[in-house]
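Working notes, structure below.
The values are calculated or read from the model by the stated rules, or taken from the named source; none is laboratory data. Quick caveat, the model's predicted, so the values are computed rather than measured. Glycine gets a Cβ as well: all are built from the backbone with ideal geometry, and neighbour counts include every protein chain shown. Each accessible area value is taken on the protein alone, full model and side chains, heavy atoms only, with ligands, DNA and RNA left out. Shrake-Rupley method; radii C 1.70, N 1.55, O 1.52, S 1.80 Å.
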Amino acid sequence: MVTPQEHPLLPLATAIANLGYQPTSLLWNATQRMAQVPGLAQDLLAYVKAGSPPPDFSQQQPASLFKPLPGGYSVATLIRDYQFQAIGAFLIAVELSLRPDQGKALLNYFLHRGYWRTNTDGSRDLIFPPLTEQLPQCPQCRSRWFEDLPRCPSCGLVRRHVTVEDGPLPLEELATMTRTQSVDQKVPAAIAPNHPIPPTSVNRRCAQCHHLLSQNSHFCPHCGAVVAVAAAPIEHPSACPKCGHLARPGAKFCSHCGLNLN
């Protein structure tokens, strides 16, 4: 019978503990996960034996931290770009090696939602990677947005898609177009795909984003806003009396020369 002192994974468990893995109750689970990728396990042992130095990007040292992982990552870049502790970077490297898609999804989740770091005194801090600063920011609550979300996950602000055909959009008109939608306004759980609408059935526009609506639309297929019973009819564009540029229906200023159209 193998005693605990003779178990073949004991050196790996000891190395993981020396890197400060928390909580200790899950140490054996982390050891078994690391052992699934023997190459990474050997790199971790070599890293601890070398004294766990911080990565030196100018010299690509220690070499065990700079070996490429799926997705173009390395243990060193995970430490630098996500502020992971070394053991956390090694365990994420295991996920990237065994399940690349799930590993990348986990990193994307950390990027947008942050992750909890347990301190030596048992307290926890919510950490956002430096890369989070590159994500779009909600203009209302300043939280960061997923790229594919139609509304802010924190305050419910609906993302606006403003198209300017020619020249800058006057600030007053822009302010009108970017009105915030009430958070408690009911929005369908699933927004219908934006299929082409037959020309004969189009006679209305969404009051919030001006997207074309079919006659029986109850929700806007573009922004998800609830369609009022008396939706705004389509208005024909009018020419600017100064430059002749066609102005969008309801525009207060010409988008080409800025002339007040009221």
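Please determine, by comparing only the residues of the range 109-118 that are part of a helix (DSSP H, G or I) and open to solvent by less than 70 Å² (accessible area, probe 1.4 Å), which one is farthest from P53 (Cα to Cα).
H112
Residues in the range 195-217 that are open to solvent by 30 Å² or more (accessible area, probe 1.4 Å) and at pLDDT 70 or above: R205, A207, Q208, C209, H210, H211, L212. Would you be able to say whether some residue in the range 81-93 is outside any helix (DSSP H, G or I) and without any contact (Cβ under 8 Å) to a residue 12 or more places away in the chain? Yes; the residues of the range 81-93 include at least one that is outside any helix (DSSP H, G or I) and without any contact (Cβ under 8 Å) to a residue 12 or more places away in the chain.
Go over the candidates D121, D101 one by one and state the one that is loosely packed, with under 15 Cβ neighbours inside 10 Å and not in a helix (DSSP H, G or I). The unique qualifying residue is D121.
Scanning the range 124-136 for residues that are open to solvent by less than 70 Å² (accessible area, probe 1.4 Å) and assigned to a helix (DSSP H, G or I) gives P130, L131, T132. Scan the range 22-48 for residues that are loosely packed, with under 15 Cβ neighbours inside 10 Å and not in a helix (DSSP H, G or I) and the total you get is 2.
Sort out which residues of the range 49-65 are open to solvent by less than 50 Å² (accessible area, probe 1.4 Å), part of a loop (DSSP other than H, G, I, E, B) and hydroxyl-bearing (S, T, Y), and write them in order of number. Please lay out each step first, then the result.
Of the range 49-65, the ones open to solvent by less than 50 Å² (accessible area, probe 1.4 Å) are 52-53, 55, 62, 64-65.
This time we only want the ones that are part of a loop (DSSP other than H, G, I, E, B), so: 52-53, 55, 62.
S52, the sole residue that qualifies.
In this structure, is A93 in contact with a Gly (Cβ under 9 Å, 6 or more places away or on another chain) and within 17 Å of R117 (Cβ to Cβ)?
Details: in contact with a Gly (Cβ under 9 Å, 6 or more places away or on another chain): yes; within 17 Å of R117 (Cβ to Cβ): no.
Taking the combined requirement at face value, the residue does not satisfy it.
Quick check on the range 73-98: of everything there that is open to solvent by 70 Å² or more (accessible area, probe 1.4 Å) and under 20 Å from the mean Cα position of the chain (by Cα), which residue is modelled with the highest pLDDT?
R80
V94 satisfies every condition listed in (1) more than 18 Å from K49 (Cβ to Cβ); (2) touching a Phe, Trp or Tyr at 6+ places or on another chain (Cβ under 8 Å) except (2).
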